[in-house]
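Notes to accompany the following structure.
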Amino acid sequence: MGIAVLPLAWRGPSCGQDFDFHLQNWIELARSWHQGVFYPHWVASANYGAGEPRFVFYPPLPRFLGAALGLILPRSWVPLAFIGIALFGAGFSLRAMAREWITEDSATLAACLYIVNPYMMFVVYERSALAELLAATWIPLLVLYGLRRKPSIVPLALTVAALWLTNAPAGVMGTYALAIVVFVATLQEKEGRFAARATAAVALGLGLAGFWLIPALYEQRWVEIVRATGPLMRVEDSFFFGFVRLSSLAPPVSSEDRFNLMYHNQVLLVASWIVLALLVATAVAAWFSRACLSGKNCKPLWLALVVLSAVVCVLQFSWSDLLWRITPELRFLQFPWRWMLVLGMTFAVLAGMAAGLVPSFSAATRRSIAVRAVLILLLSCGISAWVSLSLWQPCDSEDNVAAQVASFNNGGFEGTDEYTPRGVNNSLIQQGLPPVRLLTTPNAQGSAEEDNPSWSADPATQVPSQITVTHWQSESIVASVQAPRPAWAVLRLVDYPAWRVVRNGTEIQNRPHRTDGLMVIPIRRGINQLEIRWRATPDQRIGFVSSLVAVAVTLTLAFAGRWNAQKVPLP
């Protein structure tokens, strides 16, 4: 693990595709904690201070880990610490899974291969998809608790919940991967205990994650979630070496479109080579470990992993498009090569099985142990050198940690398209807006010649007033507006159904809609006391209750299992 992250310690964080997104989440959550909000829903720094409901939809565990690390470490160290913890967790969980069926030495070898496999490094260095990296911790545990023979409903349910609360695409992949391996085991054993356990555990795990999952699913109707699968973000744009042509883009094609297309094809090229390498390596490992078919211990795992690998292979090619279209939620993976997170696990375990079948390699002699250590060291150093030279992404002046912190404290960041409320164009939100301004009409706004232009007051639309902001936090605002006549208060706040707006003690429910999505409150002549607070919507309350019920069921099953294990039979 240490060698895998050595380039980060040497050269600094790799500012890949999602680096700034995660860093912003960590800083935002830490601010909410300082404000006394433990589980916030609103990201106030997005849309240049107008905010967005990102935390409703993005799973909580990665941001909680990153924010907690930021409280005890310098911010420039947090990405390295996060990656180190994620890789350690991935290796630890895969070793725990593999030990159930193969020797401890082979399981350790498999864990090392899992950590340094090319896709894991691609996730760390090229993409900086830190939530997906953290999800690699839970994927092996699905196999462990799904296929082991002793009762495992509770740990499997906890694993399912943790996976979904870490990364939604990984949750989709993990759930389908669990279904495949359990299906194979059920056919082998000719009994339904594996399927029954997995079904109960998945239902219980989704219930445990309900406090986040139910609002995230229900409130998609309130935002432009479809933008997450727009052009160049669709499954059909990223099949194995399936490069997108410029002619396929809808005219007019701008210079930005050309750049995005070139970048997409460049990433797809690297991802496709990684897919090819892992497919070949997995096939070779499966061939050399096929002797497991004659053994009772590792046969169920070998067959399940080989079938799972075959399914992953099929999903990489364009002729599997129908499967992507008809299988629920599968298209939200965006990129077929994301399945390499699962294939990296199957490769590592099959390679560990194959190594364990070689007597001279698996022997517990000093020579064999030294050979294994040297091979792993050479492989890790080779992978580390490759990612340092090929995948490590330098941070420009706007992406480094110091610049991100400065932007957070001075105006905020660009918004995220898929979390923009329906019917809103977040590129119209101006930068440098005052917290509250009084306008003659609710829809008055500046020029839209460029995205997110700087704000400048337009005397023709402004109403002279006395505005006092007494409290402005991420999820609660209190302000006073003294107006000479009826007007419209426009807040530097994106409107959303979860906001409760009160004016002089009366709730204002029917508010005008602006194209830029900013909140508009009708103002009467005289003093207007405004209170805007985030409130739990019905779907959020249902999600919270479902999690409480699931926790109660989980505790009951855990205590019942412990009681049965400790119960002494009567003579």
Close pairs (6 angstrom Cβ cut-off, 6 or more residues apart or separate chains): more than 22 Å from residue 432 (Cβ to Cβ) in region 481-500, in a strand (DSSP E or B) and of a type in the set (S, T, N, Q) anywhere: 482/466
Residue among 388, 447 that alone is assigned to a helix (DSSP H, G or I) and modelled with pLDDT under 90: 388
Filtered residues of region 508-533 (kept if in contact (Cβ under 8 Å) with a residue 40 or more places away in the chain and surrounded by 20 or more Cβ atoms within 10 Å (Cβ to Cβ)): 514, 516, 517, 518, 520, 523, 528, 530, 532
Filtered residues of region 214-231 (kept if over 15 Å from residue 421 (Cα atoms) and among the small types (Gly, Ala, Ser)): 230
Single unsatisfied condition, residue 232 versus (1) assigned to a helix (DSSP H, G or I); (2) more than 16 Å from residue 164 (Cα to Cα); (3) of a type outside the set (Ser, Thr, Tyr): (1)
Matching residues in region 280-303 - criterion: being surrounded by 13 or more Cβ atoms within 10 Å (Cβ to Cβ) and within 20 Å of residue 387 (Cβ to Cβ): 281
Strands (runs of 3 or more DSSP E) wholly inside region 469-520 containing at least 3 residues that are among the polar types (S, T, N, Q): 476-483
Unique match (being outside any loop (DSSP other than H, G, I, E, B) and under 30 Å from residue 42 (Cα atoms)) among 374, 405: 405
Region 317-375 - residue that is at pLDDT below 85 and of a type in the set (Ser, Thr, Tyr) and, of those, surrounded by the most Cβ atoms within 10 Å (Cβ to Cβ): 362
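The values are calculated or read from the model by the stated rules, or taken from the named source; none is laboratory data. Computed from a predicted model, the values in this text were never measured in an experiment. Neighbour counts are summed over all protein chains in view; Cβ atoms, including those assigned to glycine, are modelled from backbone coordinates with ideal geometry.
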